[in-house]
Amino acid sequence: MTVRDQQDLSKPASSESVYRDWGRLPPISRPLMQGDVFTGIALPDYDDDEQPPYIQIVMHPCNMDIAGGRLRKRIVVSPVNSTTRLGDSAWLSRKKAMPLPSLLGAGKGDFLTDLTERISVRSSSLDLSHRVAALSDDGILLLQQRLIMCDTRLAAKLSALHEENRSVFAETELQEEWLDIALDGVPEGLLNSTRISAGEEFQDWLDQEIVLETPSEADAEPAEATKTTRRATLKTVSSHSSLRRDMYREARFRYKS
């Protein structure tokens, strides 16, 4: 986390730091995530002349999944519209919106997400080929902070939000790396179906039971064995490196052997 806690709402170090792939389309291996921006999505109950050019997912990722990587039927989004140039003051003054400066890259226009309007759209309509931007971890934290401010008038500390989201960010990174391996060399016509099936396989792997050995305090005593799941170990930062090694080993065995 590079953004700092403030007395009020926080602001990013730069426009670029808000996004994961600034000025470039996010890869198809990037799982659907809070903060993703899409084009070409028609919002229900909006007249034709009211349809925004973009929409942004505002639903927390833990609420988007039912189980095993399967998405809910509907995902909550908010409309994104163009605005005049956003300066630093917008991060403090626009308390009911998420600033998206230079959304598509340097000099390509500034946008605002209206957080007072939240609409459910079918998850099947969120085709990743229509995703134009994904937020960085810092960008997601800024969005969450502003959602809380919009609903409660509370300026939540980014450090507290980051602590709660550590395992979510780690899981997203692991799934993207798993999918990078699974999709390597796959024909274009099979990319989407392979992405879906490989994503479900990753979630199944994450939910598998494993046995952890915890060293005993007395050297002479045998290590204690504890049953858990890989998903549960995501909550422990010190386990992330070993989990990543296991993930690479398993993904290469499944898709490259």
Of all accessible surface on the chain at a 1.4 Å probe, what whole percent is carbon and sulfur?
48
Might you work out the accessible area of K227 for me, using a 1.4 Å probe with all protein chains in place, and round it to the nearest 10 Å²?
150
Contact order normalised by residue count of the range 16-158, Cα under 8 Å, 6+ apart, percent:
33
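Restricting to DSSP H runs of at least four residues, report the calculated mean residue ellipticity at 222 nm for the chain, -39500 (n - 2.57) per run over all residues, nearest 500 deg cm²/dmol.
Rounded to the nearest 500, it is -11000 deg cm²/dmol.
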Everything considered on the Cα gyration tensor (a ≥ b ≥ c; rounded for a/c under 1.5, else prolate if a/b is larger than b/c, else oblate), the range 1-98 must be described as oblate
Excluding same-chain residues fewer than 8 positions from K11, which lysines have a Cα within less than 23 Å of its Cα?
K95, K96, K108, K157
Counting only protein heavy atoms and rolling a 1.4 Å probe, one gets per residue an accessible area for the chain in Å² of 54
Which of the GluC sites (Glu not before Pro) found in the range 157-257 are loop residues per DSSP with 11 or fewer other Cβ atoms within 10 Å of their Cβ?
E217
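The values are calculated or read from the model by the stated rules, or taken from the named source; none is laboratory data. If you're wondering where the values come from, they're calculated on a predicted model, not measured in any experiment. Positions of Cβ are backbone-derived with ideal geometry, glycine not excepted, and every protein chain shown enters the neighbour counts. Side chains are part of the model used for accessible areas, which takes the heavy atoms of the whole protein and leaves out ligands, DNA and RNA. Shrake-Rupley method; radii C 1.70, N 1.55, O 1.52, S 1.80 Å.
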